[in-house]
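What follows is a single structure, written as structure tokens, with notes after it.
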Amino acid sequence: MSVEILQPGVGAVPGDHYLRATPDTVMWGRLPCERDAAVLSISPGESVTIDTVSHEGILEDQGKDPLAYFTGKGVPAASVLDDAVEIAATLSRDTMADGPHVVTGPILVEGAQPGDLLRITVEKLAPRVPYGVISNRHGKGALAGELPRGEHNVSVFAAVEQRDEGLVGVLPVTEGGPGLVEFVLAPFLGTMGVAVAGDVRPHSVPPGEHGGNIDINLLVEGAVLYLPVQVAGALAYVGDPHFAQGDGEVALTALEASLRATLRFDVVPREEALAEFGEVTGPLVRTEEYLVPTGLDPDLNEAMRRCVRAAISLIRARWGLDEHLAYAYLSAATDFDISQVVDIVCGVHARIREADFAGVPRAAASGVGDAPSVGGSGAHRPTPDASPTPGTEPTA
């Protein structure tokens, strides 16, 4: 195992602040809302190194004992995270009503107000352990009713090893057999969000206008996520760390494993945000190459339509294209990817290549008439009733 074990307080902490994952700084199964007190306050432009803890290994159907669970897979006891052990031993959740995810936060960003955008830049993502878990459980996933077979829950342990090309995940060809299937890791945080207005904590599974469990695998180091601020101070949080995920996340979870994330938080005032992107009502990603609007809806077809509308809106606001020309461009040159189909609310994201518009003058957002807003998440913000069917909890 060549990965350094990043126990709490051990290893590099490159951020301006360090936020550990403790029973006092995390939520399990629910996401922050307006009434929740911040566990850290920062100024815009500051970075925070945040310890995140994967839910895999601490869940009830795995024994709620990560030390026993992972040592049973051959992991040395010293390589099991102390904070995962403490969270499992100290906290509990309603397995019939709450989600599985552990999120660290919320973080108050001074000056952020509703109407602004919170810009989260992913500066560093460091694996905390050299192993993870991929699960298919509770009859969920793209093949619900087919897999897992019978009434079984399947949690597949995957080791992480060093190769010349970097860290790879290793899976056996047969259960208990030698590891021969290797895939390169691309760590990212599946959950990145801001608190919702009101006094009800959303379920941790379905994403929405607030972000949350968006599971967009483009959010690797160097990427940026824009989220519309819902409450004063934004109250940001992160969790659901992944080592790797294919678009769709079809079995239910990705390669789930704990990360130490260093993120920079900035506030984009509303007028600047409008000039840059037009009206943004849901998660918007930016990579070195792409602008990535999203569409979210329980119906995958509707999520796709929402994403197309959001992409047209963004292109019109940013570059001033006529609506039919923006639509034509998307059809000819833009990939629409399925983020995930397993989180109650499905996600689609579009990869708009910014270089294609290098010769196009920037347009004023106010000049695009009544173009629809960017984000495409519609009215599907999680509510206190947005819980999975009792006893069949999603875990993606």
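Every number in this text was worked out from the coordinates using simple rules, so none of it is lab data. Please read these numbers as outputs of a predicted model, since none were measured by experiment. Cβ placement follows ideal geometry from the backbone for every residue including glycine, while neighbour counts extend to all protein chains displayed.
Things to note:
- Rounded FRET efficiency, nearest 0.05, which uses the C-beta distance separating Val250 from Lys64 and R0 of 25 Å: 0.40
- When the Cα convex hull of the stretch 53-179 is projected onto planes of every orientation, the mean area is 11.9 nm².
- Between Asp24 and Val170, the FRET efficiency estimated from the beta carbon spacing at R0 = 41 angstrom works out to 0.70.
- Arranged from fewest to most other beta-carbon atoms within 10 Å of their beta carbon, Met96, Met304 become Met96, Met304.
- Rounded to 5, the percent of DSSP beta bridges in the chain classed as antiparallel: 90 percent
- Fewest-first sequence of Leu300, Leu108, Leu314 by Cβ atoms within 10 Å of each Cβ: Leu300, Leu108, Leu314
- Spin-label model distance (nm) - Glu288 vs Thr95, 7 Å beyond Cα toward Cβ: 4.4 nm
- Neighbour counts of other Cβ atoms within 10 Å put Cys307, Cys33, Cys346 in the fewest-to-most order Cys33, Cys346, Cys307.
- Straight Cα distances below 15 angstrom link Lys64 to the aspartates and glutamates Glu56, Asp82, Asp83, Glu86, Asp94, with same-chain residues fewer than 8 positions distant left out.
- Span-rule helices in the chain, defined as complete DSSP H runs reaching 18 Å or more along the axis (Cα) with Kyte mean at least -0.5: 300-319
- In loop segments of the stretch 166-247 as defined by DSSP, the GluC sites (Glu not before Pro) with at most 16 further C-beta atoms inside 10 Å of their C-beta are Glu175, Glu221.
- Computed on the stretch 134-282, the Cα convex hull volume stands at 145 Å³ per residue.
- 20 °C / 1.002 mPa s Stokes-Einstein diffusion coefficient of the stretch 274-367, Kirkwood radius on C-alpha pairs, µm²/s: 161 µm²/s
- Between Val200 and Ala142, the contour length at 0.36 nm per residue exceeds the alpha carbon distance by 17.9 nm.
- Approximate spin-label separation Arg35-Glu123, in nm, with each point projected 7 Å along Cα-to-Cβ: 3.5 nm
- Rounded to the nearest 20 debye, dipole of the chain from Cβ charges on Lys, Arg, Asp, Glu: 160 debye
- Hydrodynamic radius of the chain by the Kirkwood approach over all distinct alpha-carbon pairs: 21.1 Å.
- The value for the stretch 212-266 of Rg(Cα) / (2.2 N^0.38 Å) is 1.25.
- Under Karplus coefficients 6.51, -1.76 and 1.60, residue-wise ³J(HN,Hα) of the stretch 232-242 in Hz, glycine/proline x: 4, x, 6, 6, 7, 8, 9, x, 6, x, 10
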